[in-house]
Amino acid sequence: MKNSLHLLRYVDNDSVVHHLNPRAKILALVTILLVMSFDASWRAVAVIWTIAVGGALVARLPRSVTPRPPRLLLGAIVITCLLGLLAGGEPYGLGGLILQVRLFAFTIGLLALSLVLGWTTPTADLPVAAAWLLRPLRRLGLNVDDVVAGLALAVRALPLVADEFSTVVTLSRFRKRTFASPIVAGMDLAATATTATVRRGIEMGEAVEARGGSPTARQIEQSPSVPNRWGRPEAVLALVVAAAVATVIV
Amino acid sequence: MVELRLREVSFSHAAGTPWENKALDRVDLHLASGDRVLIVGPNGSGKSSLTSILAGLVVPTHGSCLLDGTPVADQPDRVALVIQNTRLQLMRPTVAEELSDLASDPGRVPSVVRRLHLAPLLTRRIDELSGGQQRRVGLAGAMARHADLIIMDEPMAGLDRQARGQLLEALASVPHESIVVVVTHDLDACRPILDHGRRGRILRIDSGRVKETTSS
């Protein structure tokens, strides 16, 4: 289990990043994601990694949270980089390779930022922050209640579905291995994972119905366990985000 | 003669990370052909971790789990695990396809079908089976694979009296040379399993330690 990817698992520390208002953290993340996506330059890569590593250091996250990339992913990255190398381009015929490396550094940096948010924010706080963030979209006629309820359920269901999928993958080792078995097994796993996900969805839907329907986005947003405080730490975060955006745009 | 030996087995979930959680602490266990073992204990006592180690799905953090002297994790062909939510592990559309897919030798399937009275279910779709029928098919798959070690996790959970009776009857037909390990919360419902083999044992596990061993 060591170094496997732990999504949405809170690391219980006493740091300023942990105590930040989750609404501020998710607003910062979304702002950075949106702005940087318009310009995946080396400068953007540097900014993203600076914030991710800086955030992790301030949050005093131990190095052991860092996941080891799956071999499949590493293999895909190597193959893609080789294809980029074959594409040539300036400078010195390395243009394609440099582009691929930049895109990977950019994408993995964004993932690292999201992981830092997940490791420093209790899972139950995320729907509260999302409800607050999506509130303005209500004016555009978007059904924010359904979106937030779906998000809240998805966050709750993710560990269950991941657990079932992991069970299916693990148990597949007991099956006979043939030349075609990786393909057949892949299809079987996909079908079983879909079935498990749908079943979890139905069970959760029934549970929500049984307790009189899902709460509205406003009810979720006003959760008393997630105080809506805005102070100096949140102002510092806003300054960091503003500086990051300015660095990339200007 | 099959021999399963656990020596000083300890296991921690997410070892070396902030989420590390010790589940098993220096467990010793010796099982042999014909043993019928019930593992009981409260939630969070380490039953699931012990099940995963016995099945070779995870490797102990410390110690060893050996089947005839070789790590059980290296011998998936000799181990079968029937999980509580058996539907997850039945991957073919019909019972007949599932059994023929799992069988080590296709010639074994008819005898397994006969012993577990599965003939009426052979053409049925897996999705149409009840929970008890799915567990019987899971057990049939284990027998068709000729597994030396068969592990069942909470086999009686959610079954009515008739389905429990059918499953107990099916478990009674597991060949004596196999080791059968059943993890359960319902000791009374599973107790008849102890009489099916050469030696019946009840292991109580609590806080990651095997506290008591009762032999019958």
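Brief remarks on what is shown
- Selection count, segment A:139-153, where residues are without any contact (Cβ under 8 Å) to a residue 24 or more places away in the chain and either assigned to a loop (DSSP other than H, G, I, E, B) or within 23 Å of A:Leu20 (Cβ to Cβ) (or both): 3
- Taking (1) exposed (fewer than 11 other Cβ atoms within 10 Å of the Cβ); (2) over 24 Å from A:Trp132 (Cα atoms); (3) in the same structural domain as A:Ile32 (by TED's automatic domain parsing) in turn, A:Thr247 satisfies each apart from (1).
- Residue match in segment B:110-120 (condition: assigned to a helix (DSSP H, G or I), touching a residue at least 12 places away in the same chain (Cβ under 8 Å), of a type outside the set (Val, Ile, Thr) and open to solvent by 10 Å² or more (accessible area, probe 1.4 Å)): yes
- Scanning segment A:59-76 for residues that are surrounded by 15 or more Cβ atoms within 10 Å (Cβ to Cβ) and assigned to a helix (DSSP H, G or I), we see that the one that is nearest to the chain's Cα centre (by Cα) is A:Val65.
- Of the residues making up segment B:12-25, those that are free of Cβ contacts under 8 Å to residues at least 60 places away in the same chain and either more than 9 Å from chain A (Cβ to nearest Cβ) or on the phi < 0 side of the Ramachandran plot (or both) are B:Ser12, B:His13, B:Ala15, B:Thr17, B:Pro18, B:Trp19, B:Glu20, B:Asn21.
- Filter result for the condition that a residue is touching a residue at least 12 places away in the same chain (Cβ under 8 Å) and loosely packed, with under 14 Cβ neighbours inside 10 Å, over A:Pro159, A:Pro136, A:Pro127: A:Pro159
- In segment B:59-68, the condition of being among the hydrophobic types (A, V, I, L, M, F, W, C), open to solvent by 20 Å² or more (accessible area, probe 1.4 Å) and away from every other protein chain (no Cβ under 14 Å) is met by at least one residue.
- Condition met for B:Ser52 (of a type in the set (Ser, Thr, Tyr), closer than 28 Å to B:Asp186 by Cβ, open to solvent by 10 Å² or more (accessible area, probe 1.4 Å) and more than 10 Å from chain A (Cβ to nearest Cβ)): no
- Failed condition for A:Gln219, given (1) open to solvent by less than 70 Å² (accessible area, probe 1.4 Å); (2) in contact with a helix residue (DSSP H, G or I) (Cβ under 9 Å, 6 or more places away or on another chain): (1)
- Segment B:144-175, residues that are under 24 Å from B:Gly107 (Cα atoms), out of contact with any Leu (no Cβ under 8 Å at 6 or more places or on another chain) and small (Gly, Ala, Ser): B:Ala147, B:Ala172
- Hits in segment A:105-133 (condition: not in a helix (DSSP H, G or I) and not β-branched (Val, Ile, Thr)): A:Pro122, A:Ala124
- Within segment B:152-163, the presence of at least one residue that is within 13 Å of another protein chain (Cβ to nearest Cβ), closer than 24 Å to B:Asp188 by Cα and outside any loop (DSSP other than H, G, I, E, B) is confirmed.
- Only a single item in (1) in contact with a Lys or Arg (Cβ under 7 Å, 6 or more places away or on another chain); (2) without any contact (Cβ under 8 Å) to a residue 60 or more places away in the chain; (3) open to solvent by 20 Å² or more (accessible area, probe 1.4 Å); (4) within 15 Å of B:Val82 (Cα to Cα) is not met by B:Leu168, and it is number (1).
- Test: residue in segment B:154-162 that is touching a Pro at 6+ places or on another chain (Cβ under 9 Å) and over 23 Å from A:Glu164 (Cα atoms): no
- Among the residues of this structure, B:Asp28 does not count as one that is open to solvent by 10 Å² or more (accessible area, probe 1.4 Å), acidic (Asp, Glu), within 14 Å of another protein chain (Cβ to nearest Cβ) and outside any loop (DSSP other than H, G, I, E, B).
- Matching option when the condition is of a type outside the set (Ser, Thr, Tyr) and at positive phi, among A:Gly54, A:Gly93: A:Gly93
- For A:Ala40, the stated conditions hold: it is crowded, with 19+ Cβ neighbours inside 10 Å and of a type in the set (A, V, I, L, M).
The values are calculated or read from the model by the stated rules, or taken from the named source; none is laboratory data. Everything quoted here is computed from the prediction, not taken from an experiment. Positions of Cβ are backbone-derived with ideal geometry, glycine not excepted, and every protein chain shown enters the neighbour counts. Remember, those area values only see protein heavy atoms, side chains included, never the ligands or the DNA or RNA. Shrake-Rupley method; radii C 1.70, N 1.55, O 1.52, S 1.80 Å.
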